[in-house]
1. Might you tell me the accessible area per residue for the chain, computed with a 1.4 Å probe and given in Å²?
2. Consider all pairwise Cα distances in the chain and report the whole-number % of them above 30 Å.
3. For GLY117, what is the net charge nearby, where nearby means another residue's Cβ is under 11 Å from its Cβ and Lys, Arg count +1, Asp, Glu -1?
4. If you bin every alpha carbon distance in segment 106-196 into 5 Å steps from zero, what whole percent lands in each bin?
5. Of the heavy-atom accessible surface of segment 30-87 (probe 1.4 angstrom), what whole percent is carbon and sulfur?
6. Which order do the peptides 14-20, 29-35 take when ranked by the mean count of other beta-carbon atoms within 10 Å per residue, highest first?
7. Kirkwood hydrodynamic radius of segment 121-174 from all distinct Cα pairs, in Å?
8. Let's test the formula: R0 of 35 Å, r as the Cβ-Cβ distance of MET55 and LEU164. What FRET efficiency results, to the nearest 0.05?
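The values are calculated or read from the model by the stated rules, or taken from the named source; none is laboratory data. Since the model is a prediction, treat every value here as computed from it, not as a measurement. We place every Cβ from the backbone using ideal geometry, glycine too, and count neighbours over all the protein chains shown. To get the accessible areas, we keep the full protein, side chains included, count just its heavy atoms, and leave off ligands, DNA and RNA. Shrake-Rupley method; radii C 1.70, N 1.55, O 1.52, S 1.80 Å.
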Amino acid sequence: MEREPAGADQKPRRSDVTRAAILEAARDRFAVDGYDRATIRAVARDARIDPSMVMRYYGSKEGLFAAASAIDLGLPSLADTPREEAGARLVRHFLHRWEEDGTLNALVRVGVTHPAGADRIYTVFREQLTPLVAAVCPDPAEAPTRAALVVSQVLGMALNRYVLKLPPAVEMGHDEIVAWLAPTVQRYLTAAGPRG
């Protein structure tokens, strides 16, 4: 008789299910209410659990926010991308990420209203985007500045299109957005820096 591999038919542990429900509720609550108005009680109510469970797993509202806003941007490697197409590839990637992952939208909403959100956005982009920029820019020492400039473009579009929902930004298709933004992002990534 052949034995099943260990864990093959095991159900997720109840604690894993509870954590997932808490994080999903927290992302939604932070996105709707912002950091200041979101409460542990509201998150617990949305997750259909006792508030003490939220505190048990995450310790505080700050801990819950940090866990709920943990995100991997899934940035593409630009190593195999023709140098002149790096900007377009990055803009297209971010458009797909904004539309596939509500966590990013929640993070932007909180980031514009609360220092904890702004700090989280800064950390995510600094840790994940800066190394990618360093790999393609002419001077790796300029990577933090160039990454900040790239972020100004992608976050600006995200704020207008997905948070504020400004009609011209919402009505544009991906190809049109890429056509507008990619040349600027490309310049930030690969052009020689200004000399003053």
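1. Here the residues of the chain average 58 Å² of exposed surface.
2. Tail of the P(r) past 30 Å holds 34 percent of the pairs.
3. Taking every Cβ under 11 Å from that of GLY117, the sum is 0.
4. Pairs per bin, as whole percents: 3, 13, 21, 20, 19, 16, 8, 1.
5. 49
6. 29-35, 14-20
7. 12.2
8. Efficiency at R0 = 35 Å is approximately 0.55.
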